[in-house]
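In what follows, a single structure is set out as structure tokens and then discussed.
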Amino acid sequence: MRVAQLTFNTYENYGNILQKYALHATLKKFVDFTEVLWFNGNKGSSDFWAETAELPPSNSLEYYLREAVKMSKFKEFHERYIKTRFNIPYIEDIADEYDFFVVGSDQVWNPLCEPVNMPLPIKFLNFVSPAKKISYAASIGLKEIPAEFVNFCRQGISSFQYISVRESNAVDIVKNLTGRNAELVLDPVLLLTADEWLKVSRRPSWLNEKYQRGYILTYFFKYRPVDDIKKLSKKLNLPVINLFDENNFNHYITSPDEFIYLFANASLVFTHSFHGTAFSILFKKPFLFYNKDNWISSVMERIISLLKMFNLENRILTSQTAAEFDSPFEIDFSMRDKILPQERLKALNFLVTALNS
């Protein structure tokens, strides 16, 4: 059996590349052949240096060096662990080469999130027959579909033989749009066990004795709450590793395999990221999800769905609830230990049923 996997493709987003790897590794357990399609909008193969050339303008040579090094480390991980097909001038030409096409996870069904290399029709696999279509943990990432996209999304989702989504809110959206029952399944990163992730992890060379007694790992794309981080570091007497910290070259260019290692060994995780939260739960690491003043409300549907599953909604930190975290290391993972194996089995059963259809 030959299976093609479609999702967003980039060399710069940890959540994207690691969910891609996780679904790829999971599919390999059940099929003879699987590969990710790097569709580049009828432009042929993906050119890494063309990717770096598209970086936003900057007057800083240091900026370009930092971005190029980081992207090269992502590319190295991608080439090592994810079998990928690049040369696809016209995706319609390969419709008969695979038994199934699996789209997901990430926000592939968010009509407002449309990268150049994956236009909306491709997200709904409009180039293959319905019998070949499977969505795995497709994320919509919105409270509702904007009116101008309703009919298009209704037709696209209705054409799938097997539908699964990542958020409980997306289950309701699919039901209201199409009358279909979508399966609520785990994000791909949670399909793999902690031990499976550790096999593809790597200790950063710069992680020296300063961090031996522990560290706070922060993972913020932007608007990092610097003052809160400083207070937390002082309170817990622990050093901080800020991923995406432009002022620390080593931290900024962290590779995906180093990212896994840092999460697996952190004393505390402080984040506003869905996948930062997911990896904290996976490795059973105390974490705080930062939603102060609700300035990242756009991701809360995904986060709340994930936290409710494991009874961890109380880990959301806001300006009103900050006092509740006098002891941030105290966290109850008992529901995680009970629910995660069950949800993992449910998700795998979905995939097996779909692939054997």
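Less than 5 angstrom separates the built amide H of Leu317 from those of Phe289, Tyr290, Asn291, all sequence-distant by 5 or more or on a different chain. Partner aspartates and glutamates whose Cα lies under 13 Å from the Cα of Lys231, excluding those fewer than 8 positions away in the same chain, are identified as Asp326.
Of the residues Ser357, Val185, Ala170, the one whose Cα sits farthest towards the positive end of the charge dipole of the chain is Val185 (charges of +1 on Lys and Arg Cβ, -1 on Asp and Glu Cβ, taken about the Cα centre). Converting the Cα gyration tensor eigenvalues of region 124-221 into ellipsoid dimensions via √(5λ) gives semi-axes, longest first, of 39, 17, 12 Å. Amide H contacts of Ala138 (H built 1.01 Å from N, in plane; Pro and chain starts excluded): Ser164, Val165, Arg166 sit under 5 Å, all sequence-distant by 5 or more or on other chains.
Kirkwood hydrodynamic radius of the chain from all distinct Cα pairs, in Å? Computed over the chain, the radius equals 21.2 Å. When we measure straight from the Cα of Lys235, which lysines land under 30 angstrom away, once same-chain ones fewer than 8 places off are left out? Correct list for Lys235: Lys210, Lys222, Lys284, Lys285, Lys292, Lys308. Applying the Karplus relation 6.51 cos²θ - 1.76 cosθ + 1.60 with θ = phi - 60° to region 25-30 yields 3J(HN,Hα) values of 5, 5, 4, 4, 6, 10 Hz, where x marks Gly and Pro. Each residue of region 265-271 was assigned a 3J(HN,Hα) from its phi angle through the Karplus curve 6.51 cos²θ - 1.76 cosθ + 1.60 (θ = phi - 60°); the sequence is 10, 6, 7, 8, 10, 10, 8 Hz, with glycine and proline shown as x.
Taken about its Cα centre, region 155-222 carries a charge dipole of about 320 debye when Lys and Arg each add +1 at the Cβ and Asp and Glu each add -1 at the Cβ. Look at the dipole of region 194-337 built from charges on Cβ: of Asn250, Phe279, Ile304, the Cα furthest out on the positive end belongs to Asn250. Working note: Karplus 6.51/-1.76/1.60 with θ = phi - 60° gives region 137-148 the couplings 6, 4, 9, 8, x, 10, 5, 7, 6, x, 3, 5 Hz, where Gly and Pro are set to x. Please compute the Kirkwood hydrodynamic radius of region 209-303 from all pairs of different C-alpha atoms, in Å with one decimal. Result for region 209-303 stands at 13.6 Å.
Taking amide hydrogens as placed 1.01 Å from N in the peptide plane, the amide H of Phe270 sits under 5 Å from those of Leu217, Thr218, Tyr219, Leu288, each at least 5 positions away in sequence or on another chain.
Computed about its Cα centre, the charge dipole of the chain is approximately 700 debye, with only Lys, Arg, Asp and Glu carrying charge at their Cβ.
Rule-based calculations on the coordinates, nothing more; no lab input. Here the structure is a predicted model, which means the values were calculated and not measured. We place every Cβ from the backbone using ideal geometry, glycine too, and count neighbours over all the protein chains shown.
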